[in-house]
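**Student:** Sharing a structure here in structure tokens format.
The values are calculated or read from the model by the stated rules, or taken from the named source; none is laboratory data. Remember, predicted model here, so these are calculated numbers, not experimental data. Because the Cβ atoms are built from the backbone with ideal geometry, glycine has one as well, and the counts that use them run over all protein chains shown.
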Amino acid sequence: EPHSCPRHTDTRTMLPLLLLLLPAAHGIARLGYTPVLTEEPPLGAQKTASTFVLDQPRCVFKDYGNADIWLVVALDGSRWSSAGQGACGGPCTPHQIPPHPHPLPAAESTFDNTARPGSNETAFQSFPDPVHAYMTLNATLVNYPCPKPAGDITVLRVGSETSCAQDERRPTCNGPLPGPGPYRVKFLALEGSVPVAETQWSMPITLTEAKSPNTISTTGSGHSAGMIAITTILSILFAILLAGLVAMLVFWSSDSCSGSSTFSKPESVTVRRYNTHHVYDQPAARL
Amino acid sequence: MAKNDDCVHILQGLLVFGNVVIGMCGIALTAECIYFVSNPHDLYPLLKATENSDIYAAAWIGIFVGLALFALSILGIIGIIKASRTLVLVYIILMLITFAFEMASCITAATHQDSLTPELFLKQMLERYQKSEPANNSDNEITKTWDELMFQNHCCGVLGPSDWQKYTSAFRRTHSDADYPWPRMCCVLNSQGLPINLDGCKLGVPGYYNSNGCYDAISGPVNTHAWGVAWFGFAILCWTFCVLLGTMFYWSRIEY
């Protein structure tokens, strides 16, 4: 009899353990891949004000040929989980403050992998408030053949569909992102509606913020060396000429300096006649 | 006195030669400035929109200064050969006045050239390119000039396509960032004027969009214009200075 009691306890503790292990057996595989922004080839529009470009997840979901691969885009609330103003490093501009009063939680902790794409909880049109993460860019393994052919540009442009951005009938729209972020993304493989695999969350992606052209200063460019040289040299030359003119006029008004070596005018040059054959001084000698 | 005569003739010869050179340079300056004024280059709408037309004022002054230099050089030659004190004095005073005007023109042209910085054109482009309600005709002119500039020179923006990303603009107000990260003219276009690969252009793939800025293409013609007026005028003035100094010395030695 004392032995039967422990046996009863064993089966009772085994059952909850088995129940705990069941979900793990059908659990989500956590793949080691981290989504990254495209670095090769270098793109001019890798990050714009409302789009960014990711590498396609080639050779990542090899074992999940039947699954739909979705991209989950979440607003990374970790920046806002602390007190509001301090997160901006100064006064926050309207761009920086999300249009809601409560700080958003971090993406990883709130996104539920069992969320269905195309539902109200993951609709793009309700992003970022009240929806904190949306699902888009549905694809299958056929779209991401492995290995990637060399020379092909295999990218995903997040935010390229502008036609459905306001269309509530298209909740999986790949619409332009509403603000500078930061955002975090991951890929999620769903078989039917059951999540089977997911990648890591990416590093936070912050988009570019445009400044007003009024911040461009067009004054105070300074003067180039050429302009300063021209001004200085010409001023000096002009000053010398003016001084020369003044000296000339002073010289003119004072008669005393009519110099010894003056240039005679052509009219006053007399032609000397050499009277070699006229003896004018002979009568003086005869007398 | 023979030696003095020789000095006279040498100095007269030098001064006449100097005046001949001034006369020819005066004609050349007039011709050059008439060319600049009557044949504005394609970028003239951009310069006009900066509301600083000093460079054209400098060119207009250059036309009249050139003619004055030519006329005065003839007067100078006559006065030197006749050794007439009055004529040479009149010549010197009028030449000084002309010198002052040409000096103003050179300094204005050089200063204006300095003011044409990349930031000036960047601000103008962002505020007026493809403005949806053009305030006056010059906005349309600016848009046409920029389209032509970007198409001919295979360039985008002033410093690069990132100008359209770093700053908001009149263009951005009517064209969404996702569809138009930069204007279509920044894409490499085929013979029909359509982008050869629109997605490649929107992504910024090298080879499908123009990745360098247009400032070099703008500053080239503008600099030629400014240097033609400013530095050529400066050279003429340096030569004129020497001739005037010689003339002043000659005048002081003419027998009264």
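**Student:** Pull up segment A:185-221, narrow it to residues that are small (Gly, Ala, Ser), touching an Asp or Glu at 6+ places or on another chain (Cβ under 8 Å) and within 13 Å of another protein chain (Cβ to nearest Cβ), then point me to the one that is surrounded by the fewest Cβ atoms within 10 Å (Cβ to Cβ).
**Tutor:** Only one residue tops the list, namely A:SER217.
**Student:** Looking only at helices (runs of 4 or more DSSP H) that lie completely in segment B:68-187, which have at least 3 residues being among the hydrophobic types (A, V, I, L, M, F, W, C)?
**Tutor:** Details: elements: B:85-115, B:118-128, B:137-153, B:163-166, B:170-174.
In segment B:68-187, the matching helices (runs of 4 or more DSSP H) lie at B:85-115, B:118-128, B:137-153.
**Student:** Run down B:GLY62, B:GLY79 and say which single residue is buried (at least 22 other Cβ atoms within 10 Å of the Cβ), more than 14 Å from every other protein chain (Cβ to nearest Cβ) and over 21 Å from A:ALA239 (Cα atoms).
**Tutor:** Only one candidate passes the filter, namely B:GLY62.
Matching residues to (1) out of contact with any helix residue (DSSP H, G or I) (no Cβ under 9 Å at 6 or more places or on another chain); (2) more than 18 Å from B:LEU47 (Cα to Cα); (3) within 11 Å of chain A (Cβ to nearest Cβ):
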site: B:MET95; (1), (2), (3): no, yes, yes
site: B:THR98; (1), (2), (3): no, yes, no
site: B:PRO118; (1), (2), (3): no, no, yes
site: B:SER169; (1), (2), (3): no, yes, yes
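**Student:** Further, regarding this structure: Looking at segment B:28-45 only, could you name the residues that are crowded, with 19+ Cβ neighbours inside 10 Å, at pLDDT 80 or above and among the aliphatic types (A, V, I, L, M)?
**Tutor:** Selection gives B:LEU29 alone.
**Student:** While we're here: In this structure, does A:ARG169 turn out to be at pLDDT 80 or above, more than 20 Å from A:PRO204 (Cβ to Cβ) and among the charged types (D, E, K, R)?
**Tutor:** So A:ARG169 passes the test.
Every residue, every condition in (1) surrounded by 15 or more Cβ atoms within 10 Å (Cβ to Cβ); (2) at pLDDT 85 or above, yes or no:
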position	(1), (2)
A:PRO57	yes, yes
A:SER81	no, no
A:ILE97	yes, no
A:PRO101	no, no
A:ALA106	yes, no
A:ALA139	yes, yes
A:ASP152	no, no
A:THR162	yes, yes
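Residue-wise test of (1) surrounded by 19 or more Cβ atoms within 10 Å (Cβ to Cβ); (2) on the phi < 0 side of the Ramachandran plot; (3) away from chain A (no Cβ under 11 Å).
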residue: B:GLU148; (1), (2), (3): no, yes, yes
residue: B:GLY160; (1), (2), (3): yes, no, no
residue: B:ARG184; (1), (2), (3): no, yes, yes
residue: B:SER191; (1), (2), (3): no, yes, yes
residue: B:THR224; (1), (2), (3): no, yes, yes
residue: B:ALA230; (1), (2), (3): yes, yes, no
residue: B:VAL243; (1), (2), (3): yes, yes, no
residue: B:TYR250; (1), (2), (3): yes, yes, no
residue: B:ARG253; (1), (2), (3): no, yes, no
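**Student:** What are the residues in segment B:25-43 that are assigned to a helix (DSSP H, G or I) and without any contact (Cβ under 8 Å) to a residue 24 or more places away in the chain, if any?
**Tutor:** Selection gives B:TYR35, B:SER38.
**Student:** To continue, here is another question. Report, by residue number, each residue of segment B:3-19 that is among the hydrophobic types (A, V, I, L, M, F, W, C), out of contact with any Ser or Thr (no Cβ under 7 Å at 6 or more places or on another chain) and either in contact (Cβ under 8 Å) with a residue 40 or more places away in the chain or surrounded by 15 or more Cβ atoms within 10 Å (Cβ to Cβ) (or both).
**Tutor:** Listed by number, the residues that qualify are B:VAL8, B:LEU11, B:LEU14, B:VAL16.
**Student:** Please find, among A:GLU168, A:GLU121, the residue that is more than 14 Å from chain B (Cβ to nearest Cβ), more than 27 Å from the chain's Cα centre (by Cα) and in a loop (DSSP other than H, G, I, E, B).
**Tutor:** Exactly one residue qualifies, and that residue is A:GLU168.
**Student:** Follow-up question, since we're still on this one. Can you list residue pairs whose Cβ atoms sit under 7 Å apart, with the first residue in segment A:214-238 being farther than 24 Å from B:LEU245 by Cβ and the second being in a loop (DSSP other than H, G, I, E, B)? Count only pairs 6 or more apart in sequence or on different chains.
**Tutor:** Within 7 Å, the pairs are A:THR218/B:THR117; A:SER221/B:THR117.
**Student:** Out of A:THR34, A:THR38, A:THR110, A:THR51, which single residue is at pLDDT 65 or above, β-branched (Val, Ile, Thr) and farther than 21 Å from A:ALA139 by Cβ?
**Tutor:** Going through A:THR34, A:THR38, A:THR110, A:THR51 in turn, just one is at pLDDT 65 or above, β-branched (Val, Ile, Thr) and farther than 21 Å from A:ALA139 by Cβ: A:THR110.
**Student:** Out of (1) within 8 Å of another protein chain (Cβ to nearest Cβ); (2) part of a loop (DSSP other than H, G, I, E, B); (3) modelled with pLDDT of 90 or more, the odd one out for A:PHE238 is which?
**Tutor:** Going through the list (1) within 8 Å of another protein chain (Cβ to nearest Cβ); (2) part of a loop (DSSP other than H, G, I, E, B); (3) modelled with pLDDT of 90 or more, A:PHE238 breaks only (2).
**Student:** Could I ask something else about it? Would you say B:THR174 is among the hydroxyl-bearing types (Ser, Thr, Tyr), in contact with an Asp or Glu (Cβ under 8 Å, 6 or more places away or on another chain) and away from every other protein chain (no Cβ under 11 Å)?
**Tutor:** Judged against the criteria, B:THR174 is not a match.
**Student:** Here is a further query. Go through (1) under 21 Å from the mean Cα position of the chain (by Cα); (2) within 23 Å of A:ILE216 (Cα to Cα) one by one and return the number of the condition B:CYS238 breaks.
**Tutor:** Of (1) under 21 Å from the mean Cα position of the chain (by Cα); (2) within 23 Å of A:ILE216 (Cα to Cα), only one is false for B:CYS238: (2).
**Student:** Taking the residues in segment B:79-136 that are closer than 25 Å to B:PHE232 by Cα and of a type in the set (Asp, Glu) as candidates, determine which candidate is farthest from the chain's Cα centre (by Cα).
**Tutor:** B:GLU102
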